[in-house]
Structure formats: C-alpha cells, structure tokens
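I have placed the structure first, in the form of structure tokens, so that the comments after it can refer back to it.
FYI, it's all coordinate maths here, none of it is from the lab. Computed from a predicted structure; not experimentally measured. Counting neighbours? That spans all protein chains shown, and the Cβs are built from the backbone with ideal geometry, glycine included.
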Amino acid sequence: MPSEQWTHPEPGDGPAAVAAQPSPEQVIAGLRATSEGGAELTQLLTPEGQRVPSERFDRYVEDVDDETLKNLYRDMVLVRRADREANAMQRQGQLGIWVPLLGQEAAQVGSGRALQPRDMAFPSYREHGVAYTRGVDMRELIGIFRCTDHSGWDYQAHRFHPYTIVIGNQVLNAAGYAMGQKFEGKVGDEGGEATICYFGDGATSQGDVHEGFVWAAVYDAPLVFFCQNNQWAISEPTERQSRLPLYQRARGYGFPGIRVDGNDVLACLAVTRWALEECRHGNGPVLIEAFTYRMDAHTTTDDPTRYRLSDELEEWKLKDPIERVRAFLARNGYADQAFFDSVQAEADQFAAELRDYTFNMPEPPPDRVFSQVYAEPSPVLEAQREEYLSYLDGFAAAGEH
C-alpha cells in the first residue's frame, strides 16, 4: 500500500513527503502553504496594507478609487459588527443558533460587490456579508436563526436565493439555474447573466458539489463556484479532505480554478469580476477558492478550542481582512481617524437597531410554519396544518378544566 502523503505541494514544487518522516524542508513548505496560501495565491493587498500590482487582475479594479475602498471598508465593519451582535444575542437566548462569519468579511463583501444586479447568488448559511451586499436587510436574516421565518426576503428582487442548510445542496440548485440561463440565451456578451454559488471547504467532500461541477462543465453553465476555504470543516482540517489545493480540483472537470487571498477584499473583488466576466461571455464555469480563516466557531453549538490551537488563531489575526484595508487607507492618507470613528459609530448604531428589532420581534402564529411552503395550496400540507392546530387546541381545552 502507498505511504500516507504528508504534504500536498503546488505544481512544480517537487514530490510530496510520505510516511511519517518528512524532511525539515518539507515540513516548512507544508506549513508555509497552509498559512500563506501557496505560490499561486492571488493577492492585491498584503496583510500590512501594501498594494501588490497584478498584471492579470489590476484592470478589474481600475475603477476602485479611495472612496470605493472606503465603502468596502465600511461594508466589512458593519457586517462584522452585526455578526458579533447576533452572536451575543444567541448566547443570551434570543436566537436558536448563529453561524458566525468572523474573518470571512473580505471574501463575502468583495465577491458580493462584484455581482451585477441581474446576476443570481446561491448562499449556504454563512453568507451574511453577501446578503448585505445584495440589499437584504440584516433583520430579515435574523428570523431564520430565531426560528420565525424560512427566509424573510424576496429572493427574486434581491437576486439572492434563500439560505441552504443541507451541506452542498445549493450547488445543484445553482447549477440548474445557471443551465437555465444558458438555455435561454442569457450569456454570450457583456450584457449577459451569471450565477455565483457559495460553499465551504467541507462541502467539497459532498457528492452534490461534484455533481454540480459535472453538470455545469458539460453545459458550459455561467456559474462561479465560490469556495470559502476557512481551513476547518467543523473540526476537520482541509488537508484531511483533499490531496491537492481545492482550486486545482477544477482541472478534473475541465474548467479553470484559481486561489485568491480570501482576506483581501480588493483581490476578491477583482478575481470574482474576472470569473463572472468569463461566465457572462459563455466560457463556462470557474472555481474560486478564497483562502481565508474562520476566526470563530463553526456555529454557536461548536467549541473550536477542542480541535485547533490558539497559536493558529493568533497567526490569522495578523491577516485580518478589515485591518489591512484600514492600514492601506491610513498609510496613503485616504482616511483619517475621524472617518474610522464615524464608521465605528455607524456600525454600533447598526447593531443596536438589529438588537432592538430582535428583542421586540413579535411571536408568529403557530400556523406560520405552513405558509409559503408551496406556490399553490397542497392538500397534504393543509391536512397537516389542520391536524397540528387541532393538536394545539387540545392543550388549550385541557387548560380550561
């Protein structure tokens, strides 16, 4: 039997170490690839806030001036503040569960702002930042986690599909939708449509994701597969799921794959714009691996201290997506302390309004769970509704005696 592979190098880096005796050089190479994203990582802003020129991608952010970058900074600060508030509210018993996005703001805001109004987005359950960029009110998200709504927004108006809890299932939905765009002739030029689908590194181990890859590839569907590799599929690290970097899996399906620094909002914006352009012109799907890090728990039911070291978290804090934009703006004189203070004050107000709404949210009637399940009435669902209401009435009758 072949020895267990120890590291999974980039193309051209030489063979992987095997068995349990890697050389010191191989250990260092493996650690560097894990912490930095490898040689093929696309980055436009370093963690220190320095601009890195890119011959390939600079043209996709030529319109990003200091005001645009300040708006991207504002987006990320507001989204993070709302995320932290929701996390706290769950701990206080106001939400049934919360799915934190801490550390993934750049991947979500950058890719979300790359979308055109006519494009469609399919999220999993962590894409609060993408929802924000699509105009979904954060209060409409809260109902899902307070268990009062399936999804509170008009997904056609916002071009943002309802959250999907089943791991990877949204990839099949997105593939089918993108195939429809292709069949209806909505691709082929700059005015075409595209679809983006979000999932995590853990979802790449699900069959639904691979089926979506196959169908999108065969039909040249205008679909951007956006994988947020936050390094942990709950408690399983990425290296236990794949022998190769995730973006390289696209080769097996016949379409391009690229790895972007998921903590770099400018790079995420540029790479996603490029990928969407490829799709709109009818060149088929693209896989983006946004190399980022989940700085909080998988959900509020998870304890990440049981499976990862605090040193790892501290290392990734130095690559914080918000701080690198702040450093760039300050270093270049594009923003002063008054600007940063005003954004923080706006974020605090944003969170306070979200909190007030949540605490005062009216309890829905019992039959609410049966509404808006199907486009047309279903006899089976109506029968279930009547049975459930009758069951509840039995408790009320018993209380009268």
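Things worth noting here:
- Taking GluC sites (Glu not before Pro) as exposed when DSSP calls them loop and at most 11 other C-beta atoms lie within 10 angstrom, the chain has its longest site-free stretch at 191-399.
- Counted by neighbouring Cβ atoms within 10 Å, the residues SER390, SER54, SER111 run from fewest to most as SER390, SER54, SER111.
- Taken along the Cα-to-beta-carbon direction at a fixed 7 Å, the label points for THR299 and LEU318 span 3.4 nm.
- Charge tally around ARG331: other residues with Cβ under 13 Å, Lys/Arg +1 each, Asp/Glu -1 each, net -1.
- Relative contact order of the chain, pairs being alpha-carbon contacts under 8 Å that are 6 or more residues apart, as %: 21 percent
- Between the range 346-376 and the range 211-230, the Cα center-to-center distance that results, in Å: 33 Å
- Proximal charge balance of VAL209 [Cβ under 13 Å; K/R count +1, D/E count -1]: -3
- Contact order, relative form, for the range 38-116: 21 percent (alpha carbon pairs under 8 Å, 6 or more residues apart, mean separation divided by residue count).
- Look at THR358, THR195, THR68 and count the other Cβ atoms within 10 Å of each Cβ; fewest to most, that gives THR68, THR358, THR195.
- Normalised per residue, the volume of the convex hull around the Cα set of the chain (Å³): 184 Å³
- Qualifying aspartates and glutamates (Cα of each under 13 Å from Cα of LYS319; at least 8 residues distant if same chain): GLU36, GLU48, GLU105, ASP261, ASP264
- Residues PHE370, PHE57 arranged by fewest to most Cβ contacts within 10 Å: PHE370, PHE57
- Helix-only arithmetic for the chain: the sum of -39500 (n - 2.57) across DSSP H runs with n ≥ 4, divided by the residue total, places the mean residue ellipticity at 222 nm at -14000 deg cm²/dmol.
- Dipole of the chain [Lys/Arg +1, Asp/Glu -1 at C-beta], most positive-end residue of VAL343, VAL77, LEU276: LEU276
- Tensor-based shape of the range 183-336 (alpha-carbon gyration tensor, a/c under 1.5 rounded, otherwise prolate or oblate): oblate
- Net charge dipole size for the chain [Lys, Arg +1 and Asp, Glu -1 on Cβ; Debye, nearest 20]: 480 debye
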